[in-house]
1. How much length would be gained if the chain were fully extended between Arg64 and Phe18, taking 0.36 nm per residue of separation minus their Cα-Cα distance, in nm to one decimal?
2. Counting only helical runs of four or more DSSP H residues, what would the 222 nm mean residue ellipticity of the chain come to if each run contributes -39,500 (n - 2.57) and the total is spread over all its residues?
3. Using DSSP loop states and a limit of at most 15 other Cβ atoms within 10 Å to flag trypsin sites (Lys or Arg not before Pro), what is the longest stretch of the chain containing no flagged site?
Amino acid sequence: MKKNKIVGYFLFISIFSFLSIFVYLVQKSYINLMGPITQTKTSNLTKPIDPNLDIETINLIEQRKEYSLDQ
């Protein structure tokens, strides 16, 4: 009787360990697959450029004084 109980525990632990390792590997593979996609979606470089010029900013840039070291 004791031998069957130990075999049952060993079988349960081995199946549970196999499933845990399998789920871990699938999860890591999914993260490695989807990571670059989500990183690209949140990147500022992929956002469209606003074609409208901000006239106020251009005027401020043109009005600023330039100092030179030439005397």
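The numbers here are math on the coordinates, done by the rules we state, and not lab data. Nothing here was measured: the structure is a model prediction, and the numbers come from that model. Cβ: placed from backbone, ideal geometry, glycine included. Neighbour counts: every protein chain shown.
1. Gain on stretching Arg64 to Phe18: 9.6 nm.
2. Details: 2 runs with 49 residues, N = 71.
The helix-only estimate for the chain comes to -24500 deg cm²/dmol at 222 nm.
3. Between the exposed loop sites, the longest stretch runs 1-63.
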